[in-house]
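The values are calculated or read from the model by the stated rules, or taken from the named source; none is laboratory data. These numbers were taken from a predicted model, which means no experiment stands behind them. Cβ atoms come from the backbone with ideal geometry, glycine included; neighbour counts cover every protein chain shown. Keep in mind that these areas ignore ligands, DNA and RNA; they rest on the heavy atoms of the full protein, side chains included. Shrake-Rupley method; radii C 1.70, N 1.55, O 1.52, S 1.80 Å.
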Amino acid sequence: MILIENAKVLSDGKLKSANILIEENKIKAIGDVKDKSDYVINAKELAVIPGLFNSHTHCAMTLFRGYAEDMPLQEWLEKKIWPAEARLNEEIVYWASKLACVEMLKSGTTFFFDMYFFPSATARAVEETGIRACLSSAFFDFFSKDLLEANLKRVEKELNELKNFKVLRAIAPHAVYTVSLEGLKRAMEIAEKEDIFVHFHLAETEKEVIDFRKKNGNGIVKALDEIGFLNQRLISAHCVWLEKEEIELMAKRKVSAVHCPTSNMKLSVGKALNYPEMKKAGLNVLLGTDGTASNNSLDMLREMKVSALLQKFYYGADSFKAVDAFKIATENASKAFGIKAGKVEVGWLADLVLIDLSKIPMNPCHDLIANLVYSSASECIDTVIVDGKIVVENGYFEGEEKILEKFNKIAEKFFGSA
Ligand SMILES: [Zn+2]
């Protein structure tokens with residue numbers, strides 16, 4: 001049992017002092033509770049918030065941080081990222097994922113939704129670092145039947161291997177410009193059979209939308225609906241170039257859309273996800289960093305700020321508030337993934353972040369959420385608890401230096417041989 005003593009918690013928009021008791025992996029009580037706990041955290045200067053959900057990333061891409069800069073999406077993928085990814089192996093993905101998990105935990109993220117190769121290697125990193133995750137087995141078919149069959153065999157094998165780890169699972173057909181409609185249909189059939197999520201990139205650029213219409217004579221969302229691809233298993237990153245009717249249809253089918261503002265701006269996709277329209281339609285919006293090749297950080301505190309700035313810049317100052325940024329990084333994701341975290345409430349999972357209110361960016365504290373979204377930085381993260389276990393203490397992840405050292409050796413070898 002862990003007792004967080006004299007913590008500041010948000011109650012009706014105001015900070016109140018309370019004790020929080022954690023038993024096993026859940027919040028057992030909040031208020032004036034005392035107990036013979038194994039561990040007591042003196043939280044006089046600490047605010048307790050739910051852990052953040054990074055709902056779209058490619059975490060092993062930490063390896064490519066700063067590697068391919070200042071290019072538009074297609075050129076960036078074809079000239080730099082895909083050729084480098086062809087040289088990856090299990091060991092590289094393991095260490096790059098491990099560094100990513102530590103980076104996320106230290107910046108207050110307790111859950112991430114990943115799409116990458118060698119998902120079992122990432123699963124090992126997840127278990128060893130103590131973060132929570134949903135990992136996908138990713139594939140392309142480049143419109144070849146043979147490639148689709150070969151890749152689906154690999155995907156089924158990888159999904160089976162993931163059963164050995166404490167992670168949620170997903171299948172990830174990459175996007176409509178890399179996977180055929182037949183491939184998408186088969187992916188959803190596998191998802192239904194395995195009862196797992198589908199991770200996908202949707203309507204990221206105008207080119208993607210125009211090319212699809214030229215080739216298929218149909219809008220993407222309508223075509224996806226016709227093959228039964230739209231339902232609540234589907235969690236789609238980007239969702240930038242969508243029409244009002246497409247947003248309404250996605251909302252009706254209970255799809256979730258993931259806002260990736262930093263990546264979208266950096267790769268210059270030309271528009272912002274239409275949050276006001278999505279909110280009106282009741283479409284569930286989440287927040288993600290995307291990979292470190294296009295961000296170049298996995299820091300969700302920073303991502304909340306960028307999401308608010310982009311939405312305000314594009315749709316007006318009151319179109320998106322600090323509380324919206326916080327909500328898409330917590331509650332909305334909790335709903336999409338069916339994980340009872342994302343709120344500090346009795347009976348909910350103890351996936352919690354303790355914020356150091358004595359740090360400069362948190363002062364004065366008129367509005368905790370506004371400070372979190374607009375001024376905080378990972379230096380304000382004191383303690384991170386996932387599934388009832390303390391994984392970051394005093395801003396430190398035990399053994400982080402060794403992980404970084406090993407990662408840098410691997411990176412040196414990888415790029416040295418290029
Ligand atoms: Zn992505």
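Remarks
- Euclidean distance between Cα centres, the stretch 336-380 to the stretch 188-230, Å: 35
- Amide H partners (placed H, <5 Å) of V33, local residues excluded: N19
- Kirkwood-type radius of the stretch 217-308, with distances r between different C-alpha atoms, in Å: 13.6
- Checking the cross-link pairs K8/K98; K44/K335; K14/K327; K16/K327; K280/K335 against a 22 Å limit on the alpha carbon distance flags K8/K98; K44/K335 as lying beyond it.
- GNM flexibility winner over the chain from D225, D38, D114 (Cα, springs under 10 Å): D38
- Whole-angstrom Cα spans of the stretch 50-209 along principal axes, big to small: 41, 40, 30
- For the stretch 29-65 versus the stretch 102-129, the gap between their alpha-carbon centres in whole angstrom: 15
- Rel. contact order, % - alpha carbon contacts under 8 angstrom, at least six apart, the stretch 52-337: 20
- Net charge of Cβ neighbours under 12 Å - reference V285; Lys, Arg +1; Asp, Glu -1: +1
- Within the shell of other residues whose beta carbon sits under 9 angstrom from the beta carbon of M71, the net charge comes to -1, with Lys and Arg scored +1 and Asp and Glu -1.
- In the stretch 178-272, the ratio of gyration radius to Kirkwood radius, Rg to Rh, stands at 0.95 when only Cα atoms are counted.
- Taking the protein heavy atoms of the chain in the context of the full set of protein chains, the accessible area attributed to carbon and sulfur is 51 percent at 1.4 Å.
- GNM remark for the chain: springs join alpha carbons under 10 Å apart, and the peak mean-square fluctuation among K252, K106, K98 falls on K252.
- Surface analysis of the chain yields an accessible area of 42 Å² per residue, using protein heavy atoms and a 1.4 Å probe.
- Sequence-distant residues sharing a close amide H with L286 (under 5 Å, placed H): A257, V258, H259
- A viscosity of 1.567 mPa s and a temperature of 4 °C, combined with the Kirkwood radius over Cα pairs in Stokes-Einstein, give a translational diffusion coefficient for the chain of 60 µm²/s.
- Which of W82, N264, S319, positive extreme of dipole for the chain (C-beta unit charges): S319
- Note on the chain: GNM, Cα springs under 10 Å; of S120, S294, S17, the largest mean-square fluctuation is that of S17.
- Overall size of the stretch 57-140 from C-alpha positions, given as principal axis extents largest first: 36, 24, 19 Å.
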